[in-house]
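The values are calculated or read from the model by the stated rules, or taken from the named source; none is laboratory data. Being a predicted model, the structure only gives us computed values, none of them experimental. Note: ideal-geometry Cβ built from the backbone for every residue, glycine included; neighbour counts use all protein chains shown. Calculation scope for accessible area: heavy atoms of the full protein, side chains included, ligands and nucleic acids excluded. Shrake-Rupley method; radii C 1.70, N 1.55, O 1.52, S 1.80 Å.
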Amino acid sequence: MAFGTGPYARTGYAGAGAGAPPPSGQQTLPPPIPGGTATWVYEQNSTYAFALRGFAARQSTGIYPGGGLSIRPITDRGIMEITAWWPDATVLSLIRVEADGTQTPVRSGAPLTALGPTRRNLCQNPSFESGLNGTVPDLGSPTLTRPNDGTAPRGTYYLKATVAAAGSCGVVIPNAVGAGQDLTVAFDLRLSAAATSLTVQASFTDLDGNPLTLASTALTTDQINNSVAQFARQVLRIATPAAGVAATIKVIAGGMPAGGAMSLDGITIERGTSSDGSYFDGGTYGATWLGTTDLSASALAPLLVIEDGECPTDVPVQYQLVNGGLAGGRMTSAYATLPSNEIVWLTHPDAPDEPLEVFVEKRPLRGKAANVAVFQAINDPMFLTIGSRRRSAWKSTESIALWTFGSESTERLVAILDDNRPVLLRAPASLNYGPPLWLSLLDFEEDPDGSSPWQQMLKISAPWVQVAAPAL
């Protein structure tokens, strides 16, 4: 399936960063990670896709869950950096896919455990980028405007509520609050003058729509003063009545002078009181809009950053993020290439994010053992052989010479060799090693090789054999 195209009403869904038109019925995805790939494809798990089939085996439209995957080569460290997210997932797996279709679990990404819960911003117009939809004047009947004067802390616009007469200035904030825990309400607040009070009120109703006891919380005087003539982030907690399932949320500044204004931006309304109140919306990395862009609730999954120091160099690769749940699926990134820049990298399996740069003059001679026995039967002029069906993996017929670049890299190389674990050798195409090789380096020797005392380079030589990759 080509990225950015495809049968969106089936199991495949191509996602792109900001600026790309979303497919019909789906949401605009977050912008790509800086320097990373900007597109990915979502496919449902086959069992879930089959369950969506209706009459005459026609399949219902797949629901994009809001995850994403972006990869970015970091050449000077010899790693591919992967940024992945999937709302409400607890365990994921990351797989590297080479151009020939070879799939390999990523050593530091199988499995992946979410770093925290998925957050949900229940405010339905969090930064007023697409109008004042759903925002309603309340106490003081303020005039609502949406200035674009370069002072908005989030995006381009903010809400400004101005009262004609002295008194209270209140606005109703659109929200999608449902049943659940207590609320954390946060916003960027600016007051034209010191208010006598700043209160957030939540008028809850029960399942039948009956009003419950009003819940409210207020800022301290110091917090109010911090928002006079400047935007400051304010975070408040509101207790939810036991039967409360929906709420009307108001922000009210009391004691404002005539012509006074209360400005709001970056509103978040979250269930629970563990949130720090930091701002996000559907355009944040790892987030997705749950409805209309800029005018709906949004979900923010924790970003998982994995550094793959076993990624082949100089060839295109892509990655898959796999969610094995019934309603899961997989996200497949676009292709990207990690350039070798003529550098040879050694990666230890216990430190896949910290490959060591070494210098190799040339590819050493190597061969493959036949693993056969040859003998001649009595009175038979022809020789007979008994052996394994295949030759051995590669092994050196002359030692490989690894040059280091100073005492620090020498110490790292010796430490890598001292624990007798295999190491992954990734060489540039110019050395003609082929694909990366897992090597077990045997007895090594240190050789100054004619270096002057003032030179920091040092050569360590060792015979080697190719071995299987260590288990994850």
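Tell me the strands (runs of 3 or more DSSP E) entirely within region 222-290 that contain at least 1 residues that are surrounded by fewer than 20 Cβ atoms within 10 Å (Cβ to Cβ) and touching a residue at least 40 places away in the same chain (Cβ under 8 Å).
Ranges flagged: 232-238, 246-256, 261-271.
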task: Scan region 436-472 for residues that are modelled with pLDDT under 80 and among the acidic types (Asp, Glu) and jot them down.
output: Asp447, Asp449
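Conditions tested, residue by residue: (1) in contact (Cβ under 8 Å) with a residue 24 or more places away in the chain; (2) over 19 Å from Gln466 (Cα atoms); (3) open to solvent by less than 10 Å² (accessible area, probe 1.4 Å).
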{"site": "Tyr335", "(1), (2), (3)": "yes, yes, no"}
{"site": "Asn341", "(1), (2), (3)": "yes, yes, no"}
{"site": "His348", "(1), (2), (3)": "yes, no, no"}
{"site": "Phe359", "(1), (2), (3)": "yes, yes, no"}
{"site": "Arg363", "(1), (2), (3)": "yes, no, no"}
{"site": "Ala370", "(1), (2), (3)": "no, no, no"}
{"site": "Ala373", "(1), (2), (3)": "no, yes, no"}
{"site": "Gln376", "(1), (2), (3)": "no, yes, no"}
query: Does at least one position in region 14-33 carry a residue that is at pLDDT 85 or above and either buried (at least 22 other Cβ atoms within 10 Å of the Cβ) or in contact with a helix residue (DSSP H, G or I) (Cβ under 7 Å, 6 or more places away or on another chain) (or both)?
result: no
message: Based on this model, can you work out whether Arg389 counts as at pLDDT below 85, open to solvent by 80 Å² or more (accessible area, probe 1.4 Å) and not in a strand (DSSP E or B)?
response: yes
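Please find, within region 418-435, the residue that is surrounded by the fewest Cβ atoms within 10 Å (Cβ to Cβ) out of those that are among the charged types (D, E, K, R) and assigned to a loop (DSSP other than H, G, I, E, B).
Asp419
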- line: Checked pairs for region 99-115, first within 13 Å of Glu307 (Cα to Cα), second of a type in the set (Gly, Ala, Ser) and modelled with pLDDT of 90 or more, C-beta under 6 Å and 6 or more apart or across chains, list as Ala110/Ser93
message: Could you go through region 421-429 and let me know if any residue there is among the β-branched types (Val, Ile, Thr), within 17 Å of Ala351 (Cβ to Cβ) and touching a residue at least 60 places away in the same chain (Cβ under 8 Å).
response: yes
statement: Selection from region 103-126 of residues open to solvent by 50 Å² or more (accessible area, probe 1.4 Å), assigned to a loop (DSSP other than H, G, I, E, B) and either within 28 Å of Asp281 (Cβ to Cβ) or in contact with a Phe, Trp or Tyr (Cβ under 9 Å, 6 or more places away or on another chain) (or both) yields Leu115, Pro117, Gln124
message: Tell me yes or no: at least one residue of region 366-379 is under 20 Å from Glu342 (Cβ atoms), at pLDDT below 85 and either touching a helix residue (DSSP H, G or I) at 6+ places or on another chain (Cβ under 7 Å) or in a loop (DSSP other than H, G, I, E, B) (or both).
response: no
- prompt: Restricted to region 291-340, and to residues that are of a type in the set (Asp, Glu), more than 30 Å from Gly134 (Cβ to Cβ) and assigned to a loop (DSSP other than H, G, I, E, B), which residue is modelled with the lowest pLDDT?
  reply: Asp314
field: Val358 being outside any loop (DSSP other than H, G, I, E, B), closer than 20 Å to Asn432 by Cβ and of a type in the set (A, V, I, L, M, F, W, C)
entry: yes
field: Set Ala165, Ala161, Ala152: member being assigned to a loop (DSSP other than H, G, I, E, B) and open to solvent by less than 30 Å² (accessible area, probe 1.4 Å)
entry: Ala152
query: Hey, Ser399 hits all of (1) under 16 Å from Phe359 (Cβ atoms); (2) hydroxyl-bearing (Ser, Thr, Tyr); (3) loosely packed, with under 12 Cβ neighbours inside 10 Å; (4) more than 34 Å from the chain's Cα centre (by Cα) but one; which does it fall short on?
result: (3)
- prompt: If we keep just the residues of region 172-193 that are assigned to a loop (DSSP other than H, G, I, E, B) and either in contact with an Asp or Glu (Cβ under 7 Å, 6 or more places away or on another chain) or modelled with pLDDT of 95 or more (or both), which is surrounded by the most Cβ atoms within 10 Å (Cβ to Cβ)?
  reply: Pro174
